[in-house]
Amino acid sequence: MADKDEKETRVKNLFSDLIRFEQSEQYNKALKVCNKILNEEPHNKKAFHCRIVCLIQESKFEEALERIGKNDKLTSEIGGLVFERAYCYYRLNKPNEAMNLLLSTEDPSDRERELLAQIQYKLEMFNDSYKIYKDLVKNSQDEFEAERLTNLTAAIAACQFSGQDHPISDFDGGTYETVFNQACHLAACEKYEDAIEKLKEAEELCQQAFEDDPDEIENEVAAIRVQHAYALQKLGKVDEALQTYNQIIKQKPDDMQVMAVAANNIICINKDQNVFDSKKKLKIVTSDAPQQKLTTAQKKHVNTNQCLLMLHTNQLENCKKQAIALSESRSDSDVPLLIHASALLKEKQPNKAVELLKTKAEKDGSRKIKMALAQVLLLTKDINSACKVLGDMDIAQKPGIISALVSLYVAIKDVNSASSVLDKAIEHYKKIDPNGAFLNELITTSANFNMQHDSPQKAASQLEFVRKQNPRNQQILAQLIVAYAKYDHEKAKKLTLELPIDDGKGNDIDVKELEAAVGTFGNKYIKRVTSKTDQSPRIGSASKSGDALIEKKKKKKRKTKLPKGVDNPGNPDPERWLPMRERSYFRGRRRNKKKEIGKGSQGVSAAQVTAAGVQLDASKTASDAKSSPVSQPPPQAKPTSYKAGTGRQQKKKKKGR
C-alpha cells in the first residue's frame, strides 16, 4: 500500500514538472518527464498524448507517427489522435495522406477542419479551402480569429488568380497580412494601381508591427515589395520594378519563395538581353528550397522561362527537349510548341517547323498556332498556303486579316482571289451589321480596288449600294460617275446633272494674283502680297512697281562660339585640325638646289644633261622606244610622324676656314 502511494506521489510530482516545462515551452525536458511517467504507468493516456505533442513540438514527426503506430489500442482510446497524425503527415510533405485521414473523420473538430483547409490550400484546392475558412470565420470566435481571416483572404486571392471570382470587400482586417492579401486580390483583378496603394498601406502596418525587431522587418517587407514590383512591371514601369527586384535579391530574405519570384521576374524583364545575368538568376529559381514552396502555375512559368533562355543562348537541343516535356505537362498552353518551332527555325529547318505547327493546327485549331504557321509559311515564301491558313481561321473577316489577305494576293498577282476575299467580307458584314459604317467603308474600298483592276461594272454596282445608304455623299457620286464613264457614257452624263451647280461665288477671284502668291513650291515659300488699296510703306520694305509691297525677312547671323585663348578669334583657320602636310596650302620643304647642279658646261641644268645623255646613249634603240611598258602608279604618300615646330628648317652652322 505504501509503494502504491509513493508511486502516485511520484506521478503527481512528474505531472507538476510537466506542466511547468510546458508553460515555459521547454519541450525537450517535458518529453523526458513524459517518458518517466510512462515508465511508471505505461497505459497513462495523458502522458502518452503529451509525449506525442512534445515530439511534434520538437519536429520529430516520424518518431511521433512511429509511437502512435506501436500503441494502437492506447491511440484508439484517446480518440485516434487524428489531428496529430494528420499534422505529422502534413509536415512530412505528405499532404494527400493527411487530407484523406481528415476527410475520413465523421465529425471533425474546428482545428481538424482548419488543418484540412490549410492542406487543401497547399494542394491548390483553393475553392474548397475558401469554403471551410469562410464557415470558420463566421462560426468561431477565439484568439486565432485574425489568423483565420488572413488565411481566408489568401484563399480568396488564390481563387482569383486561378479564375474563380470571390468578393473580398466584406472581409476587412487590421493586420498587414490581411491588407497584403487584399492587394494580391486586386492584382489578380488587374487593378494594379489600387493594388499598389494597398501594398503601401501593408508595408506601413508591417513596420509598425515590427518596431521592436528591426532585423525582422526586412524579411517581412520583402514579400510586399516584390508584389509591389510585380504591379509596377505590369503597369510598364520596368526600370523601377527591376531596381526593386535587385534590391530584394541583394538583401537575401529568409523566404526562398520571395527570392525565386524576384529572380524569375528579372529573367522576364531581361528577355534576350543580359543573358549571363539571367543564367545566374535561373540558378536561384531552380534550386531545391524554392521549388517546394512554388505553386504548380509558378513552376510552369519558371520552366517556360528556362526553355526560352535556352533558345536565346542557342542551346537548341536542350531547348527542344525541354519544349517537348513542357508540351506534355502544359497541354493547355501553346507556348511550348511555339518555342519548339522557333528552335527549329534557328536550326534552319523551316519545313520541320511547318510540319510541327500543321499537326497541332489540325488537332485543336488554335489561333496562335495558325498565325505562327502562316508566318513560317511566309518565311518559306509559300504565300498561297499562308493565305489558305489565314482564310480558314475563325477571325478571317477581321479587318486586319482581310487587309493582309488582299495584300498577299496582290503581291502574287492573284487579283481574283483578292476580290473574292473582299466579296466574302462584304457578305459577312451585311449579315451581322447591315447598317454599320464599316460595311460602307469596306464596299467603297472594294469598289476602288475593282476600278484599279479594270472591273468598272462591279465597282459601279457596289457604289450604287453605298449611295443608297448615303444619297447626299458627293464623293461617292463622283466616283460613281467615273465608274460609269468607263463603259456607259449616257448614264454617266445623267449622273453629272446631279452634281452641285456653280453659283458664281468664285468669279471675283484674281487667278493671276493667286498664282503669284502661291507659286510652285507650296505654302512654305509663299510671299505675302499686299493689295492695291493697302500701300502703306513699312520699314525695311522697297516699292518696285508701286502696286505691290514684298517684305523679305533678314536672317540673323549667330555669333560663332570659340574656345578661350584663341589666337585669331576673327577668322580661324578651317584646316587647323589637319596635320600640316595634309593642308591645302602646304608647299613642302625647300629643296637643296646644290644637288641639282650636274656636270657639263656652264649654264646647263642637270635635267638638260640627263636628256642629252639619254640621246647619246646607243643602248636605247628604236625598238625599245616602240614598246609600251605598263605605267607604274605614283607612290602614295604615307603619314609620317613629326614633331611640332615652326615649320622652318634650322640653318647649319658654317665651319670655320
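Looking at segment 87-109, which of its residues are surrounded by fewer than 15 Cβ atoms within 10 Å (Cβ to Cβ) and closer than 20 Å to GLU145 by Cα? Across segment 87-109, the qualifying residue is only SER109.
Inspection of segment 44-67 identifies no residue that is over 26 Å from GLU114 (Cα atoms) and surrounded by fewer than 17 Cβ atoms within 10 Å (Cβ to Cβ).
Of all residues assigned to segment 245-256, at least one qualifies as being modelled with pLDDT of 90 or more, crowded, with 20+ Cβ neighbours inside 10 Å and over 21 Å from ALA154 (Cα atoms).
Looking across segment 430-465 at every residue that is of a type in the set (D, E, K, R) and over 19 Å from GLN397 (Cα atoms), the one that is surrounded by the fewest Cβ atoms within 10 Å (Cβ to Cβ) is identified as ASP454. State whether the residues of segment 414-429 include one that is under 27 Å from ALA386 (Cβ atoms), out of contact with any His (no Cβ under 7 Å at 6 or more places or on another chain), small (Gly, Ala, Ser) and loosely packed, with under 13 Cβ neighbours inside 10 Å. Taking every residue of segment 414-429 in turn, none turns out to be under 27 Å from ALA386 (Cβ atoms), out of contact with any His (no Cβ under 7 Å at 6 or more places or on another chain), small (Gly, Ala, Ser) and loosely packed, with under 13 Cβ neighbours inside 10 Å. Taking helices (runs of 4 or more DSSP H) as the structural unit, those lying wholly within segment 279-351 and holding at least 1 residues that are under 18 Å from the mean Cα position of the chain (by Cα) correspond to 296-312, 335-346. The residues listed here are ASP272, ASP277; of these, the one that is at pLDDT below 90 and charged (D, E, K, R) is ASP272. Taking the stated definitions as given, is ILE132 in contact with a helix residue (DSSP H, G or I) (Cβ under 8 Å, 6 or more places away or on another chain), free of Cβ contacts under 8 Å to residues at least 12 places away in the same chain and part of a helix (DSSP H, G or I)? Taking the combined requirement at face value, the residue does not satisfy it.
Looking across segment 343-384, the residues that are buried (at least 20 other Cβ atoms within 10 Å of the Cβ) and within 18 Å of GLN315 (Cα to Cα) come down to ALA343, LEU344, ALA353.
The values are calculated or read from the model by the stated rules, or taken from the named source; none is laboratory data. Every value quoted in this text rests on a predicted model; they were computed, and no experiment measured them. Cβ coordinates were reconstructed from backbone atoms using ideal geometry, including for glycine residues, and neighbour counts include every protein chain displayed.
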